[in-house]
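The values are calculated or read from the model by the stated rules, or taken from the named source; none is laboratory data. Not measured: the values here are computed from a predicted model. Cβ coordinates were reconstructed from backbone atoms using ideal geometry, including for glycine residues, and neighbour counts include every protein chain displayed. Accessible surface areas use protein heavy atoms only, side chains included; no ligands, DNA or RNA. Shrake-Rupley method; radii C 1.70, N 1.55, O 1.52, S 1.80 Å.
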Amino acid sequence: MDTKFLHRSFAGLAFLLSLVTYMLTVQPSVPFWDCGEFTAAAVQQQVPHPPGAPLFLMIGKVFHLLIPFGDEGWRVNLVSVVASALSVLLLYLISVKVLNSLRGKGVTSFEEAVAVYGASFVGAMAFTFSDTFWFNAVESEVYASSTLFVAVVIYLMMRWNERADEPGHERYLLLIAYLMGLSTGVHLLSILAVFSIVLLVYFRKYEVTT
């Protein structure tokens with residue numbers, strides 16, 4: 001069997017299982033706490049509590065406009081459903097890259113493919129059904145979308161690490177910086193990844209000294 005096909009199959013399965021799980025369990029209307037505020041602000045394009053979440057509200061409005069049926073709260077809740085499923089997919093891809101990096105080589109045989117891709121899939125599924133992540137995946141809160149930004153940033157970090165010696169590798173760092181700027185329109189969580197990026201670049205490109 002082609003190992004690339006196995007890799008893509010596990011990735012697709014991780015995405016589909018998480019998406020179906022969250023679609024079946026998503027809140028049918030407006031949940032408690034800040035979700036009602038975010039839903040109302042997204043539908044009416046208003047301003048929620050500081051520091052605000054303008055990008056999240058614009059994405060919520062897009063879901064509200066593109067889905068012509070169902071409760072308005074349910075439609076905005078779907079932002080978190082899609083974002084969480086994409087986060088699970090990225091977690092699988094990140095796990096594969098981390099395992100290959102620790103092993104010092106890529107997958108070269110079917111047995112290695114089953115071990116690496118299978119372990120990454122199990123990790124992604126564990127994250128899918130973890131209590132806090134699942135809770136945030138089915139409501140109109142900013143945490144699911146913020147997790148997606150963090151996942152994209154970490155994935156791009158791994159991509160940069162693989163190509164740090166190639167011409168044009170800076171484009172990954174520039175894209176990371178751009179996405180971190182965008183993410184502040186959702187939540188400030190992804191800014192925490194700055195410290196990881198700085199250390200990764202330092203250890204990858206510079207001689208380590210005291």
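Taking all protein chains in place and a 1.4 Å probe, what share, in percent, of the accessible surface of the range 97-210 do carbon and sulfur account for?
Of all accessible area on the range 97-210, carbon and sulfur atoms account for 68 percent.
Mean-square fluctuation check for the chain, GNM, Cα pairs under 10 Å: which of P54, P31, P68 is largest?
Residue with maximal mean-square fluctuation among P54, P31, P68: P68.
Please name whichever of L174, S80, P68 sits farthest to the positive end of the charge dipole of the chain, dipole taken about the Cα centre and charges placed at Cβ: Lys and Arg +1, Asp and Glu -1.
Looking along the dipole axis, the top candidate is L174.
Can you give the FRET efficiency to the nearest 0.05 for V201 and L102, using r as the Cβ-Cβ distance and R₀ = 30 Å?
In this case the efficiency is close to 0.95.
Any chance you could list the semi-axes, whole Å, largest first, of the equivalent ellipsoid that the Cα gyration tensor gives for the range 98-210, using √(5λ)?
Taking √(5λ) for each eigenvalue gives 26, 23, 12 Å, largest first.
Skip the ligands, DNA and RNA, and give the accessible area per residue of the chain with a 1.4 Å probe, whole Å².
Result: 54 Å² of accessible area for each residue.
Scan the range 135-210 for chymotrypsin sites (Phe, Trp or Tyr not before Pro) in coil per DSSP, keeping those whose Cβ has at most 11 other Cβ atoms within 10 Å, and list them by number.
Passing sites in the range 135-210 are Y206.
Per DSSP H run of n ≥ 4, the term is -39500 (n - 2.57); total these for the chain, divide by its residue number, and report the mean residue ellipticity at 222 nm rounded to 500 deg cm²/dmol.
It comes out at -24000 deg cm²/dmol, rounded to the nearest 500.
If you only keep lysine pairs separated by 8 or more in sequence, or across chains, how many in the chain come under 28 Å at the Cα atoms?
5
Take the Cβ-Cβ distance between S109 and F5 as r, set R0 to 22 Å, and report the resulting FRET efficiency rounded to the nearest 0.05.
The formula returns an efficiency of 0.95 here.
Can you give the convex hull volume of the alpha carbon atoms of the range 35-129 per residue, in Å³?
Taking only Cα atoms, the range 35-129 has a hull volume of 139 Å³ per residue.
Dipole size in debye (nearest 20) for the chain around its Cα centre, Lys and Arg Cβ +1, Asp and Glu Cβ -1?
500 debye
Could you tell me the distance between the Cα centroids of the range 23-68 and the range 170-210, to the nearest Å?
So the two Cα centres are separated by 28 Å.
Which helices, counted as full DSSP H runs in the chain, have an axial Cα extent of no less than 24 Å and a Kyte-Doolittle average of -1.0 or above?
TM-like helix candidates: 3-25, 72-103, 110-128, 143-162.
For G52, which sequence-distant residues (separation of 5 or more, or a different chain) have an amide H within less than 5 Å of its own amide H, given hydrogens modelled in the peptide plane?
Residues meeting the criterion, in which the H sits 1.01 Å from N, do not exist here.
May I ask you to give the percent of accessible area on the range 1-83 that is carbon plus sulfur, with a probe radius of 1.4 Å?
Here carbon and sulfur together make up 70 percent of the probe-accessible area.
If I ignore ligands, DNA and RNA and count only protein heavy atoms, how much of V208 is accessible to a 1.4 Å probe, in Å² to the nearest 10?
Estimated to the nearest 10 Å², V208 gives 90 Å².
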